[in-house]
Amino acid sequence: MTSNLYLGPLDDHDRYVVIGKIGRGGEGTVYEADLRLTPSSTDPVAVKVEQPTGDMTVAREWLGQQHLLQSLAHEGLVKIRSMFLGYAPHPKGQQQPTAVDGEPSPVTPDPGVLHRYTVMDRINGHALGDWLDKRLLMDPYLVIRERLEPLESVAEALDKLHTANDRRQPIAHGDVKPGNILVPHGATNGVLVDFGMTQLLDGKRRRAVSGAYAAPELHDRNGMCTPDADRYAFMVTVVHMLLGYAPPTRGDRLDLEQLRQILPVTALLGPKPILVRTLLSALSAAPRQRPRNLARWLRELLSIVSTSALPIDTADRLASGVDARVPLGTLRTPGRPRGGGAQPEAVPPRASRPPADVTGSFRILVVLVGFVAIIGGGVYAYGQSGAGRGASPTNAPSAGGMSVAHTTAAPPPTAARTTPAPQTPVRTNPATLTAAEGPSLTAPVVPPPPPVLYLSVTKRVQDSGDTMVFGPATILKTPYNRSIALCADGVLGSNRCANNGEPTWVEYTVSAVYRRLTGTIGLSSEAPKNCRLSAQVLADDTELFNQELQFGEAHPLDYKIGYALRIRLQMHALAGNGRCDLVFGDIALRK
């Protein structure tokens, strides 16, 4: 579905036809577009549109990066095709577009208000967080090496950006996070996208503060994006992949103290204290003390995984005779004998067996002690027979000088004192301590998800940036207290609830426990009677609902969504004046 919008440089305004909006962030909007090759063929691209700076000097500096960014070639970096200044997206043939995001564009091209465009390869795939969610649905016990595999190419790509050579200065990406890393369909390598914040280190540098992924120094008044900040963001992304969800935040930054409590008690990382310490140490380091080479640092993390205690991976745990899906707390990590690897031991017993060489020494000691006891008993009898009692037939010495008492039993020899064989100490993981062993460290109790989850009170992951209302609304005068109204107050110059023909939408993530989507869809009871629009409900890439709606209609929604990861609610305005609000009444996820 196209949006009937075009964009391009000043000498070719309609070079690209806009297919739709991929997303919007603080630095601009990313569009899905097609490059016109011939009247019958196109080439798919992604185009990032940044707002005008109002300063032509800044615009020229930005354009100065084009040849450098185009020269970067790595499987972990999206290919930059071109960068140019141009008008806002506009209808075909309209060289002076009337508006972009509600603001009029000038008739005379003023360089200070021209938009900045970055054209990139379009990558068909999933954002890194979505990729992980899908993998965990298929395999909840996904091992560390497979979780981090997409980041290997990203680490190499960042090292390449950060390295200066004779041809270029070091470059900082400026906004490394799972949302800016894509995993192409059918591939396992990650691709770093969104170069809007990319800066040469010899020029003026801006900063992007993306929650937990923003380095602490970026929160300073004069904080600027640097390779060190990129490295911090990459390490937090690694933590995201190991946890399976975004790291905790306090305000607008990473909550490192809470992370210190979470990591040691997770099922995946609890048995790997060395790995946990390595991660926390890197995140706590000063900017210049962070790992300089991310690819090498990631390889070192994986080497810790392959040599540290349980669980290394599912195959190793199965080979050791322990069920690969035994939860944390039922396995213990014994001490590691010098020169040998750790082996899993079920609990109980609480004490480990002596090492093989100690056991052998113990057996030899027992034999020697027994032999000495026998000799000692014979010597004791011999001494008694010759101690002034005289010789007798019953106590006659043998040819060997030893006699055995037949009528008078010799006193039993003194019991030999033996020292128990040394035991290998058991280094119990803190996460598995029992009440007798010490304080218990357990993961925080997480309440089960409710049977019904209303989307209106759920945090949305992204949206089109248009006006929306969450709360009470009516359809055909029937009240719905937990509703979502799209494009409320969205009256533009055409009096249509739309943004230059682009869709208005909102997206939510879906927990694996929910299998159905229910609710009611229709125009608001307060909408003008001449309103007409199209409405869509999508579960990932599957259309659940796609229909034109008019005032006076209400349609129930009840769909099975399977293992969908995202739900998108979307609308296109077709006709009408005033507030043509689309209402999703009491729309909810159900188990």
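Each reported figure results from applying straightforward, stated rules to the coordinates on display, with no laboratory input. What you see is a predicted model, and the numbers here were worked out from it, not measured in a lab. Neighbour counts are summed over all protein chains in view; Cβ atoms, including those assigned to glycine, are modelled from backbone coordinates with ideal geometry.
Below is a table of values for the structure above.
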read-out: Protection-proxy order for peptides 509-517, 34-42, 522-530, 134-142, each taking the mean of Cβ atoms within 10 Å per residue, highest first; value: 522-530, 509-517, 134-142, 34-42
read-out: FRET efficiency estimate (nearest 0.05) - Cβ-Cβ, ASN124 to THR518, R0 30 angstrom; value: 0.45
read-out: Whole-number percent relative contact order across the range 1-83, with pairs defined as alpha carbons under 8 Å at least 6 apart; value: 16 percent
read-out: Separation between Cα centres of the range 209-261 and the range 510-571, rounded to whole Å; value: 36 Å
read-out: Links that overshoot a 25 Å alpha carbon limit, given the list LYS48/LYS560; LYS477/LYS529; LYS529/LYS560; LYS21/LYS177; LYS134/LYS560; LYS21/LYS560; value: LYS48/LYS560; LYS529/LYS560; LYS21/LYS560
